[in-house]
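The values are calculated or read from the model by the stated rules, or taken from the named source; none is laboratory data. A quick note: this is a predicted structure, and the numbers were derived from the prediction, not measured. Heads up, the Cβs are rebuilt from the backbone with ideal geometry, glycines too, and the neighbour counts pull from every protein chain shown.
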Amino acid sequence: EDQVTQSPEALRLQEGESSSLNCSYTVSGLRGLFWYRQDPGKGPEFLFTLYSAGEEKEKERLKATLTKKESFLHITAPKPEDSATYLCAVQAKGTSYGKLTFGQGTILTVHP
Amino acid sequence: DGGITQSPKYLFRKEGQNVTLSCEQNLNHDAMYWYRQDPGQGLRLIYYSQIVNDFQKGDIAEGYSVSREKKESFPLTVTSAQKNPTAFYLCASSPQVSRQGAITQYFGPGTRLTVL
């Protein structure tokens, strides 16, 4: 059974204080690992897809990396507008449709 | 602009009533999905549809029903058989395949259902 565990559950940062969110996964052959951002009361917004170990992707202050067991979402010099819940999900090989297994999310709060 | 719309944004239901949540997409995606989100839990798949007139149960389909008569639309009915329907409901869509293999799902804004 595919499993995704995100840590920490909640993270409070001061503006400008860089940190990382972790996503550990167990999957029978990884097709892709996805990061989403979700603001309160809204739907998840797609950020990145990572396909294989060693891959990195960047968008503004966010950088996602992938190993064979986990992914990190690095946030450099965060701003209050980066406050949101960050969701990680995996897609396994062998699924005939885009089945995703989600983690519980990390709630990030950035204080000015 | 291409995207996914869900309506209504908020929905209140009395116990014993069926309610239908709307989901429309103009992304020309073949596949559509319904998820339920509860506090402290990951998104859980209710139903999915890969093509028109075909749909499959997800992990928590009991008490829900769907239809897929048009490519653009995938409504979800929450029936009175669903014992704990209060939750945030999310609709998503995706292309059938992608060049790199992984299929990205894109989400709508969600509908918050509250049972009174």
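Here are a few things to note about the model shown:
- Residue check for A:E1: over 30 Å from B:P8 (Cβ atoms), charged (D, E, K, R), at pLDDT 95 or above and not in a strand (DSSP E or B): no
- One residue stands out in region A:81-112 among those that are among the charged types (D, E, K, R) and more than 9 Å from chain B (Cβ to nearest Cβ): the one that is nearest to A:S18 (Cα to Cα), namely A:D82.
- Residues that are among the basic types (K, R) and within 14 Å of another protein chain (Cβ to nearest Cβ) were ranked within region A:1-58; the one that is farthest from A:S83 (Cα to Cα) is A:R31.
- The set of residues in region B:62-112 being under 28 Å from A:G94 (Cβ atoms) and among the basic types (K, R) consists of B:R68, B:K71, B:R99.
- For the condition surrounded by fewer than 17 Cβ atoms within 10 Å (Cβ to Cβ) and assigned to a strand (DSSP E or B), A:E81 does not qualify.
- Against the list (1) in contact (Cβ under 8 Å) with a residue 60 or more places away in the chain; (2) buried (at least 21 other Cβ atoms within 10 Å of the Cβ); (3) not in a loop (DSSP other than H, G, I, E, B), the condition A:Y36 fails is (1).
- The residue list A:S28, A:S52, A:S24 contains one member that is assigned to a strand (DSSP E or B) and either at positive phi or surrounded by fewer than 19 Cβ atoms within 10 Å (Cβ to Cβ) (or both), which is A:S24.
- Output for region A:62-78, where each listed residue is assigned to a loop (DSSP other than H, G, I, E, B) and either in contact with a strand residue (DSSP E or B) (Cβ under 6 Å, 6 or more places away or on another chain) or within 10 Å of another protein chain (Cβ to nearest Cβ) (or both): A:P78
- Sole residue being within 21 Å of A:F34 (Cα to Cα) and buried (at least 16 other Cβ atoms within 10 Å of the Cβ), chosen from B:G3, B:G40, B:G58: B:G58
- Strands (runs of 3 or more DSSP E) wholly inside region B:7-52 that include at least 2 residues being at pLDDT 95 or above and over 12 Å from B:A87 (Cα atoms): B:19-25, B:31-37, B:44-51
- Taken over region B:53-65, the criterion of being at the interface with chain A (Cβ under 9 Å from one of its Cβ atoms) and either touching a Cys at 6+ places or on another chain (Cβ under 9 Å) or not in a strand (DSSP E or B) (or both) is satisfied by B:G58 alone.
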